[in-house]
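Every number here is computed from the coordinates shown, using simple stated rules; none is lab data. Just so you know, these numbers come straight off a predicted model, no measurement behind them. Neighbour counts are summed over all protein chains in view; Cβ atoms, including those assigned to glycine, are modelled from backbone coordinates with ideal geometry.
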Amino acid sequence: MGEKEKLDKAPQSILDIILHETFLKLDDNENFETELLSKLKKVKLPGNTSTEQKLTSILQGESP
Amino acid sequence: MRIQELEICNFRGIKELKLEPKGKNFLISGPNGSGKSAIVDAVDFLLTGDVSRMKGPGTKDIKLKEHAPHIKADAKDCWVKAKVEIPEVSEPVEIKRVMANPRKLVCDDEYLSVLEPIQELASRGQHVLTRREILNYVTSDAGTRAKQIQNLLKINEVDATRQKLVKVRNNLKNKFQNAEGNLKTSQSHVNSTVGIDSFNEEVVLNFVNENREILGGEALTVLDSAQLKKDIQSPDIHSDNSINLELLEKDLEKLPDADFMEEFGLLQSEFKDLHNKIRSDETQPQDRLLLTELGLKLTGDVCPLCDTPWDPDELESHLSQKLDNLTETKKDLERIEKLSGEISHQVKDKLTSIGEVLKASRTLGLDTESFHLMVWEENLLGIDKSVESGDYGGEGLPKARDLAEIGNRIFTVAKEHYGATSPEQTAWDKLSRLEENLKYYEENLIKREEAEYALSNAEAFLNSFIESRDQILDALYTEIKDRFVELYRQLHGSDEEDFDALLTSSGAGVDFKVNFHGQGNHPPHALHSEGHQDSMGICLYLALAERLTQGYIDLIVLDDVMMSVDAPHRRQICHLLADFFKGKQFFITTHDQTWARQLRQEGVVSAKGMVELFDWQIDSGPRVNSQADIWDAIEEDLRRNNVPAAAHKLRRGSEEYFRTVCNSLGAKVKFKDNGEYTLGDLLPEAINRYKTLINMAKDSANSWNKPEEVHRLVAIERSSKEIFNRTNAENWAVNANVHYNKWVDFNLNDFKPVVSAFSDLYSVFACEECGNMLHLSLNGNHEEAVRCKCGSVNWNLNKNH
């Protein structure tokens, strides 16, 4: 039986890396609320047809 | 991940096949249709549960479960399994995928999570390069290339995300614009009550305080609908049902009249003319304007619509010129937008006054007047609605009764019933109306603030995303470009020393240009030869794959990718694969035996790491010739007393082997136009060449006064002579009695020593340490040394003059 470590996650896709950088930028933006940021981080992008509505609700400050 | 063993059953053109790459580079050669690509497909299927070649354009009627299994094989009997090495796992892991359930990778549950990222990466197709893909990377237009590169990088989802964020931003922008429009309308209601032209809170507050003062109230400092009537009382307890003649008179003045009709008519008529002008133009200028503006955003080195190649600057200039030609349309559309706003404002204003007069008319029980007012209200609402929805086409107002006469009648009746109003009542009524207007204004103010907040969030999100995208992709492209240039220079450094390239994001595409001998950057297929383009494709792919697989998949499949690269550059490619990608396991397929020999000769693959597929039959699939197994297979034939089969293998294997020896040592074989060289043509020349080279090496050692080296070479020479004698090889070309054609008539005892002698003969031409074939090293045309891959053999051929 072999032992396994580390390789339990695929390397980040380019989109993941871009989104990570995007969220860092928004985090530095003092006009952007932290609460919105944490909600946006949970949205799977690019997602499906309901994703737009979900994003719109979050950006409006509503619960998605 | 590397493949130790690969077993294929009833898959594509293969009936049964077992390969043992043992985690090292592996070569599969054979003519077209021998089943090479089926092995590539099998690896694809094993890792992804799909066969990428069976998807995409032109594969509509091809179904995995129907067409992937071998002829007549059941899906449950069609499978691929492998033993794979995975980093961090100490023992090889066995994985299997069956066509009956292609989504499920069968393996020990313990390894499922470890295999997940490998499958995820494999699903991106980053481990297989085919000839078709090389063409797509290099010779295709920017759009197609971008798609290929984006698919490989999986950045098509980046643009899908951007598009989604743009849509969300635009949606919120529309909401903000609507909210702002509603706020302006609510302000115009306030303006109407206060009697001002433009909204000003201070003026409105003064108006409030003036009327409060009449009612004995204190002045307010803040404009707030809830405070308007604070600490003041209505002078008339029936005020709700009463009509204030002063206010009614003002409302009646604002009813649609001849002036309104004239002004509205002018706006409507201009709107209609412009609308018709644009709509009736068969060249569809509005759509062309939109398309041209969009085209300018997407300019690259092809037309974004038809993919025709363009110089990017020329394309941009061409589209700008087209845009200039549409200037009039643009102006017309801007004017239409402005007219819509004015019509909407006028209509809303009249709707407000009609609403107030209608209320009074109903209070007075004037049904006929109320009916005519309602007709007007309905007509205006119809226009308002179509302008709001963007469907307005310049329709006029239908003919309706003149409201001046109706207004007079309402005022006369009101005057009969209510008489003059006290200043207190007028003040109260004004405040009541303003209270209602302000509530509407305050509601819209909040809605506008909310819409502004949402829009600002959406813009921040989108801008941060685009900024991050440009930053990350630019860095990625630079990294890949640098590695691409490094690899390409490795291949073509001798003829393109200063080669450089440009790889940048360009709108939705990827701009890829290469420098041509200092003559500027051009598309790869503009000036470079087909062979150079192939090299570029390989280098670009290797740079991309290396960046993306990141140690998760060490396997790289090169499926028949060496079509146009010439022999010297192929050798460079061998060095590239062997030296620059030491950590990778290459699966290489080719129909080109010369390339196959080069890969072997240059040490990219070992003798054990290659198979030749041949004689494919529909029922049985390909037959396999493996150098690795030649001696085992001959042994097996001899065990079965099948001398003809063993003789066939020895003949075929030896012809292949000594062809490579002659090539490696530069032996002079008599040229044959048909290229069919027998062992009689090859073996004597290989041995003569070997003897010549060892004599040259002895002369060199003597000239450098190296007696030990001389003794060592003499010992090697003595040992090889003994082996040459045993095979009687030197006489083969002239002595028909020992020619290998006679082997098939040998009995078992006669043939066994031949096999033993040939096994020893092979070893003369290989290094004892690394097992790789000896080769002649040249410096230009000068024969410099005989060496092996590991450096253990190094016979200097240069004499000390």
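At-a-glance table
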{"item": "Test item: Cα-centred dipole of chain B, Lys/Arg +1 and Asp/Glu -1 on Cβ, debye", "result": "5160"}
{"item": "The protein assembly as shown, dipole about Cα centre (Lys/Arg Cβ +1, Asp/Glu Cβ -1), debye to the nearest 20", "result": "5360"}
{"item": "Partner aspartates and glutamates for B:Lys649 [C-alpha distance under 15 Å; skip if fewer than 8 residues away on the same chain]", "result": "B:Glu612, B:Asp615, B:Asp629, B:Asp632, B:Glu635, B:Glu636, B:Asp637, B:Asp745"}
{"item": "Residue among B:Ser620, B:Leu252, B:Leu748 farthest towards the positive dipole end of chain B, charges placed on Cβ", "result": "B:Leu748"}
{"item": "Using distinct alpha-carbon pairs, which all enter the 1/r mean, Kirkwood radius of chain B in Å", "result": "34.9"}
{"item": "DSSP bridge pairs, chain B: antiparallel proportion in percent, nearest 5", "result": "75"}
{"item": "Geometric extent, Cα atoms of the protein assembly as shown - Rg, Dmax (angstrom)", "result": "42.8, 143"}
{"item": "Inter-part distance where the range B:277-300 and the range B:584-645 are each reduced to a Cα centre, Å", "result": "62"}
{"item": "Shielding score for B:84-93, defined as the mean number of other chain Cβ atoms within 10 Å", "result": "3"}
{"item": "Cβ-derived FRET efficiency at R0 25 Å, B:Asn170 paired with B:Leu381, nearest 0.05", "result": "0.35"}
{"item": "Positive-end residue of B:Gly780, B:Leu682, B:Phe587, charge dipole of the protein assembly as shown with Cβ unit charges", "result": "B:Leu682"}
{"item": "Mean Cβ count within 10 Å, highest first, over the residues of peptides B:782-788, B:345-351, B:305-311", "result": "B:345-351, B:782-788, B:305-311"}
{"item": "Distance violations [Cα-Cα > 28 Å] among A:Lys54/B:Lys322; A:Lys42/B:Lys63; B:Lys22/B:Lys104; B:Lys164/B:Lys297", "result": "A:Lys54/B:Lys322; A:Lys42/B:Lys63"}
{"item": "222 nm mean residue ellipticity, helices alone, for chain B (DSSP H n ≥ 4; -39,500 (n - 2.57); rounded to 500)", "result": "-19000 deg cm²/dmol"}
{"item": "Surface/4 estimate of mean projected area, convex hull on alpha-carbon atoms of the range B:648-796, nm²", "result": "9.9"}
{"item": "Computed over the range B:648-796: relative contact order in percent, which uses C-alpha pairs under 8 Å that are six or more apart", "result": "22"}
{"item": "Charge dipole (chain B, unit charges on Cβ, about Cα centre) - positive-most of B:His275, B:Ser535, B:Leu638", "result": "B:Leu638"}
{"item": "Part-to-part distance (alpha-carbon centres) for the range B:169-233 and the range A:28-64, which is given in Å", "result": "34"}
{"item": "The range B:608-700: trypsin sites (Lys or Arg not before Pro) in DSSP loop, at most 14 other beta carbons within 10 Å", "result": "B:Arg640, B:Lys668, B:Lys670, B:Lys672"}
{"item": "Straight-distance crosslink candidates among aspartates and glutamates, where the alpha carbon sits under 13 Å from B:Lys582 and sequence neighbours closer than 8 are dropped", "result": "B:Glu546, B:Asp554"}
{"item": "Size of charge dipole - the range B:648-796 - debye, nearest 20, with Cβ of Lys, Arg +1 and Asp, Glu -1, no other charges", "result": "100"}
{"item": "Entries of B:Lys250/B:Lys447; B:Lys584/B:Lys670; B:Lys254/B:Lys338; B:Lys18/B:Lys668; B:Lys24/B:Lys96 with Cα pairs more than 28 Å apart", "result": "B:Lys250/B:Lys447; B:Lys584/B:Lys670; B:Lys18/B:Lys668"}
